[in-house]
Structure formats: structure tokens, C-alpha cells
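Asks: To start, I am sharing the structure in question, which I have written as C-alpha cells.
The values are calculated or read from the model by the stated rules, or taken from the named source; none is laboratory data. In this text, all values refer to a predicted model and were calculated from it rather than measured experimentally. All Cβ positions, even for glycine, are placed from backbone atoms using ideal geometry, and neighbour counts span all protein chains on display.
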Amino acid sequence: MDRDVIIVGAGPTGLTLANLLAAAGIRSTVYEAKSAPDTRMRAIGVTPPSLEILDRCDLGTALTRHGVAVRRAEVYGDRRLLGTVSFDSIRSDYPFILSLPQFRIEQSLREAAKASKLVRLNYGVEVVAVEPAASSSANGGARPGVTVRLRDGRSVNAPFACVCSGTAGLRPFPLKRRRHYRRSFLIGDYPDTGKLGDVARLYFSRNGSVESFPLPDGMRRWIVQLTGRASQTVLDDATVSAMLTTYVNMRAGIRLPAGLPHWWSRFRPGRHELAYFARSGLFALGDVAHSMSPIGGQGMNTGIADAELAADLIAGWQSGPNGRADTGESPLGDVGSGLRMYETVRRKAARSAARRAAASMFIGTIGGVAGSALRNALLRAALTFIPGRAIASHFAMLTLPGHRSPISLTADTISSRPK
Ligand SMILES: Cc1cc2nc3c(=O)[nH]c(=O)nc-3n(C[C@H](O)[C@H](O)[C@H](O)COP(=O)(O)OP(=O)(O)OC[C@H]3O[C@@H](n4cnc5c(N)ncnc54)[C@H](O)[C@@H]3O)c2cc1C
């Protein structure tokens with residue numbers, strides 16, 4: 001059996017995992033179905049726990065040099081300021097949300113992986129199946145081992161396979177639940193001609209929501225809720241431009257620059273969860289295991305936290321003192337109990353993040369005169385009376401269960417991270 005850990009998918013989750021494993025001295029082979037890296041903007045918010053995790057492979061601080069540190073958010077209700085959230089007081093080395101497009105994050109992760117002798121990156125190689133190897137026991141107990149089958153007919157045996165294949169990719173386990181929300185949003189990235197600076201702005205109105213975030217290179221993201229017929233309309237560039245301009249002006253009183261957005265995307269959020277997150281030497285990480293509404297910006301960050309715990313467990317089994325993947329012995333306990341720990345910790349974290357994302361989305365999209373007035377009054381009260389640090393820590397994902405791995409791994413010690 002090859003000792004490399006197999007990683008399926010080179011999105012942010014898979015690439016983070018490869019780098020964390022390399023930092024722990026573990027070899028991995030990454031298979032990515034696409035022949036070239038993804039260039040879509042997609043996620044932009046990297047939370048403080050994610051930056052701390054990425055620091056374990058020397059990437060947290062490096063990323064901050066490319067992005068915009070968002071230290072403050074302003075919340076408006078029917079165009080009147082309801083309150084502000086300041087991230088300055090949160091307890092982290094990174095007291096801000098880093099705004100950096102997903103493709104740039106992936107680019108940094110990919111470059112670090114390519115520079116490592118311990119990561120083998122393979123683009124244009126699709127994995128068609130992952131299954132427990134014949135010698136592996138059913139619950140992943142004493143002898144882990146998986147077989148990974150590739151589209152080109154090859155198959156590879158490995159001690160562990162970590163499937164990070166996103167919402168539309170290979171699914172290692174059956175679905176447990178799936179839900180589609182009846183909300184629809186349009187994203188447009190424009191030059192920041194309004195000089196709104198590095199402040200995030202949330203505009204809630206009786207007609208729908210608008211969210212706006214700074215991006216690097218003088219750009220700004222606008223996310224508008226589509227309501228009524230607009231949510232069903234077939235979109236072309238001209239319609240997108242007209243919709244974004246109209247909705248932002250109507251709900252936020254801000255004029256967008258003329259012309260097409262630099263990048264746009266319409267999305268209808270959903271949520272799903274797999275029946276298992278870890279079993280028989282197989283891990284499911286990131287969007288393949290759990291997806292959630294992008295409103296609230298937690299999907300990518302939850303995948304990064306999945307990667308931290310999976311990397312710690314695998315490092316404990318593969319390279320820790322007395323760690324023996326072939327026997328399943330490790331100071332962390334046997335493989336079966338580690339897989340159960342991953343299952344419990346990461347499912348709780350994913351559910352909590354998905355609930356928060358859904359709550360943010362529902363609160364922001366309450367429409368109508370009465371509903372909007374009530375929401376605005378409650379938000380004003382919350383932003384006035386709840387301590388600022390508590391609100392900021394919530395949005396920075398610092399209060400999310402399992403936002404950091406419960407295991408503390410160093411070269412010489414493997415133990416539970418102090419609570
Ligand atoms: C418009 C939008 C805005 C978002 N904003 C935010 C945000 O601000 N903050 C945030 O945290 N999240 C956000 N998200 C969510 C975020 O983009 C996802 O959570 C993130 O991409 C998940 O990363 P991943 O690595 O798990 O999956 P993906 O990024 O989907 O990567 C999976 C990779 O696996 C590959 N793959 C699939 N199947 C196979 C196979 N069989 N063999 C080999 N390779 C395979 C795919 O080609 C892909 O490259 C947003 C999403 C969208 C759509």
C-alpha cells in the first residue's frame with residue numbers, strides 16, 4: 001500500500017488539507033478532475049480561525065498581504081444606520097475578516113503545495129470511486145485502508161482517502177438531508193467608485209437586502225436579493241447590470257458604476273449533509289459533506305476547519321510518536337475512535353454554521369413594511385445592547401463549536417487542546 005494520503009479535489013478544503021499534512025510531515029497525492037485551476041471569485045471572507053489554521057502552514061499572514069482586512073461592518077435598515085460591528089476587540093491574532101477572492105486563496109494554497117516535496121498535485125484526473133480496501137475492517141478499526149479508482153482505469157491503495165469534492169462532485173457517502181431555500185441572490189463585483197473603503201455594509205429594506213464588501217485591487221462586491229419575477233428571469237449580461245444597478249440604488253441609495261460587473265453569479269442557496277462524515281478510512285470534508293447558504297460566508301471556512309481536524313488525526317496516526325497507520329495505533333487512540341471523533345465534532349460544527357447562515361439569510365430577507373420595521377428595531381436593539389465583542393466574535397466564527405481542532409499536535413506531543 002502507498003503511504004500517501006489521497007485527497008480528492010483541489011478546492012480550498014483539499015488544498016488546505018494537503019498543506020497541513022505536509023506541515024506535519026505527511027505525504028499526500030491530490031487528484032483534481034479539472035484540468036486547470038478554477039478562476040471564479042466565489043467566496044471572499046476568510047475568518048480569524050481560518051487564518052490561524054492556515055498559519056500552521058505559514059499561509060495566514062501571507063494571505064493577509066493580498067487581501068483587505070475588514071475591521072468594521074455597518075448595518076442599515078431602510079437606509080438608516082442601525083449600528084456597527086467592530087472586529088477590533090475579538091480575541092485573535094487576526095481581529096478582522098480578510099476579504100480575498102477564493103481563486104486567489106486557492107492560488108496561494110496551490111503554490112505552497114507545489115513547493116512542497118510532500119504533495120503530489122494531479123490536475124485533470126477524475127476519481128470515480130473510493131471504497132474501503134479489502135483488508136480494511138468495516139468500521140475503520142485496526143487496519144485502515146482504502147482503494148481509490150480513477151477514470152483512466154488505474155486504482156490506488158492508500159491508508160486514508162479524504163474526499164473534498166464540493167457539492168457537485170464525487171460523494172463518498174449517501175445523502176442524509178437536502179433542502180433548497182426559496183431565496184435567490186445576484187452577486188456583482190464592481191470597481192469601488194463610491195470610495196466606501198474597507199467597511200462592509202449590510203442594507204436591509206422592506207423590498208429586499210443588499211450586502212456590500214470590499215475586495216482587493218479597488219473592487220467591491222454587491223450581493224442583492226432577487227424578489228418576485230426577478231428571481232425567475234433568465235439572466236444575460238444586460239439584465240444583470242440593470243438589476244444590480246436598480247436594486248442597489250433603490251435599497252441602498254448608491255449608484256453603481258456604469259457597465260458590466262467584473263464578475264457576476266446568481267445563486268439559490270441550499271443545504272445538505274451526508275449520512276457519514278468519516279468511516280472506514282474515508283473522510284468527507286468541506287462542501288461535499290455539508291453545504292450551507294453562502295449568505296453569512298461560512299462554507300469555505302467550515303471546510304478549512306474540517307481539514308485541520310482531519311490533518312491532526314491523520315498526523316497522529318501516521319507520524320506521531322508511536323503512530324502506526326498499519327496497525328491503527330496512535331497516542332490519539334485507534335483509528336475507529338478518531339473517525340468517530342471527526343464525525344461528532346465536524347457534524348456539530350457544520351450544523352451550527354448552516355443554522356447561522358440560514359438565520360442570517362432569513363433575518364436579512366424579511367420583507368414588507370411591518371416585518372422590516374420589526375426586524376430593524378430588533379437589530380438596532382441588539383447592536384446597541386449586546387456587547388460589541390460578542391457580536392463580532394459570532395460573525396468571526398469564534399463562537400462556533402469546533403472552530404479549531406480539539407487536538408493539539410506538535411512534533412513531540414499529541415494531546416487534547418486545552419479548552
Ligand atoms: C457565490 C458564492 C459565494 C460564496 N461566498 C462565500 C464566503 O464569502 N465565505 C465562505 O466561507 N464560503 C463562501 N462560499 C462557499 C465556498 O465557495 C465553498 O464553501 C467552497 O468552495 C468549498 O470548498 P471545497 O474545497 O469544499 O469545494 P470546491 O471549492 O467545490 O472544490 C471541490 C473540487 O473538487 C473537484 N472534484 C469534484 N469531484 C471530483 C472527482 N470525482 N475527482 C477529482 N476532483 C473532483 C472539483 O473540480 C473542485 O475543484 C460561496 C459560494 C458561492 C457559490
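Asks: Between a residue in segment 34-55 that is free of Cβ contacts under 8 Å to residues at least 60 places away in the same chain and any residue that is charged (D, E, K, R) and more than 10 Å from the ligand (Cβ to nearest atom), which pairs come within a Cβ distance under 9 Å, given they are 6 or more apart or on different chains?
Replies: Taking only residues 6 or more apart or on different chains, the pairs are Leu51/Asp93; Asp55/Asp93.
Asks: Kindly indicate whether any position in segment 180-193 is in contact (Cβ under 8 Å) with a residue 40 or more places away in the chain, within 12 Å of the ligand (Cβ to nearest atom) and closer than 28 Å to Asp312 by Cα.
Replies: no
Asks: What is the residue count in segment 289-307 for residues that are more than 6 Å from the ligand (Cβ to nearest atom), under 8 Å from the mean Cα position of the chain (by Cα) and either of a type in the set (A, V, I, L, M, F, W, C) or farther than 21 Å from Ile363 by Cβ (or both)?
Replies: Of the residues in segment 289-307, the ones more than 6 Å from the ligand (Cβ to nearest atom) are 289-293, 295-296, 302, 304-307.
If we keep only those that are under 8 Å from the mean Cα position of the chain (by Cα) too, we end up with 302, 304.
Still in the running and either of a type in the set (A, V, I, L, M, F, W, C) or farther than 21 Å from Ile363 by Cβ (or both): 304.
Looking only at that region, the number is 1.
Asks: I've got another one for you. Sort out which residues of segment 15-26 are in contact with a Ser or Thr (Cβ under 8 Å, 6 or more places away or on another chain) and either in a helix (DSSP H, G or I) or within 16 Å of the ligand (Cβ to nearest atom) (or both), and write them in order of number.
Replies: At the first step, the residues of segment 15-26 found to be in contact with a Ser or Thr (Cβ under 8 Å, 6 or more places away or on another chain) are 17-19, 21-22, 24-26.
Selection gives Leu17, Ala18, Asn19, Leu21, Ala22.
Asks: All but one of (1) at pLDDT 95 or above; (2) more than 16 Å from Leu256 (Cβ to Cβ) hold for Arg229; state the number of the condition that does not hold.
Replies: Going through (1) at pLDDT 95 or above; (2) more than 16 Å from Leu256 (Cβ to Cβ) one by one, Arg229 breaks only (1).
Asks: Could you tell me how many of the residues in segment 244-286 are more than 30 Å from Ala134 (Cβ to Cβ) and within 16 Å of the ligand (Cβ to nearest atom)? First the steps, then the outcome.
Replies: To start, the set of residues in segment 244-286 that are more than 30 Å from Ala134 (Cβ to Cβ) comprises 244-272.
This time we only want the ones that are within 16 Å of the ligand (Cβ to nearest atom), so: 244, 261-272.
Here the count works out to 13.
Asks: For a quick check of your reading: which strands (runs of 3 or more DSSP E) sit entirely within segment 113-222 and have at least 3 residues that are buried (at least 22 other Cβ atoms within 10 Å of the Cβ)?
Replies: On the way: elements: 119-123, 127-132, 146-150, 155-158, 161-163, 175-180, 184-191, 199-205, 208-215.
Once the strands (runs of 3 or more DSSP E) in segment 113-222 are filtered for at least 3 residues that are buried (at least 22 other Cβ atoms within 10 Å of the Cβ), what remains is 161-163, 184-191, 199-205, 208-215.
Asks: Identify the residue in segment 338-368 that is β-branched (Val, Ile, Thr) and farther than 18 Å from Val210 by Cβ and, among all such residues, is surrounded by the most Cβ atoms within 10 Å (Cβ to Cβ).
Replies: Of the residues in segment 338-368, the ones β-branched (Val, Ile, Thr) are 344-345, 363, 365-366.
From the residues that got through so far, the ones that are farther than 18 Å from Val210 by Cβ too are 344-345.
Values: Thr344: 13, Val345: 19.
So, considering only residues that are β-branched (Val, Ile, Thr) and farther than 18 Å from Val210 by Cβ, the one surrounded by the most Cβ atoms within 10 Å (Cβ to Cβ) is Val345.
Asks: Okay, moving on. Going through Arg183, Arg271 one at a time, which residue ends up being at pLDDT 95 or above and under 21 Å from Ala43 (Cβ atoms)? Give the derivation first.
Replies: On the way: Arg183 fails: at pLDDT 95 or above.
That would be Arg271, the only listed residue that is at pLDDT 95 or above and under 21 Å from Ala43 (Cβ atoms).
Asks: Taking segment 67-79, which residues are modelled with pLDDT of 95 or more and in contact with a helix residue (DSSP H, G or I) (Cβ under 8 Å, 6 or more places away or on another chain)? Break it down into steps so the answer makes sense when it comes.
Replies: Initial filter on segment 67-79 (modelled with pLDDT of 95 or more): 67-77.
Matches in segment 67-79: Gly67, Ala73, Val75, Tyr76, Gly77.
Asks: Residue by residue through segment 53-95, note down the ones that are under 18 Å from Ala113 (Cβ atoms) and of a type in the set (D, E, K, R).
Replies: Answer for segment 53-95, where residues must be under 18 Å from Ala113 (Cβ atoms) and of a type in the set (D, E, K, R): Asp55, Arg56, Asp58.
Let's see how each residue does on (1) closer than 26 Å to Ala373 by Cβ; (2) part of a helix (DSSP H, G or I); (3) assigned by TED's automatic domain parsing to the domain that holds Gln107:
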{"position": "Ser50", "(1), (2), (3)": "no, yes, no"}
{"position": "Leu54", "(1), (2), (3)": "no, yes, no"}
{"position": "Asp58", "(1), (2), (3)": "no, no, no"}
{"position": "Tyr76", "(1), (2), (3)": "yes, no, no"}
{"position": "Gly83", "(1), (2), (3)": "yes, no, no"}
{"position": "Ser89", "(1), (2), (3)": "no, no, no"}
{"position": "Asp93", "(1), (2), (3)": "no, no, no"}
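Asks: Sort out which residues of segment 27-59 are within 15 Å of the chain's Cα centre (by Cα) and more than 10 Å from the ligand (Cβ to nearest atom), and write them in order of number. Even if it seems obvious, please write down each step before you answer.
Replies: Let us first name the residues in segment 27-59 that are within 15 Å of the chain's Cα centre (by Cα), namely 40-54.
Pro48, Pro49, Leu51, Glu52, Ile53, Leu54, listed by residue number.
Asks: Here is a check on your reading of the model: is Leu256 touching a Leu at 6+ places or on another chain (Cβ under 7 Å) and in a loop (DSSP other than H, G, I, E, B)? Break it down into steps so the answer makes sense when it comes.
Replies: Values: touching a Leu at 6+ places or on another chain (Cβ under 7 Å): yes; in a loop (DSSP other than H, G, I, E, B): yes.
Spelling it out, Leu256 is indeed touching a Leu at 6+ places or on another chain (Cβ under 7 Å) and in a loop (DSSP other than H, G, I, E, B).
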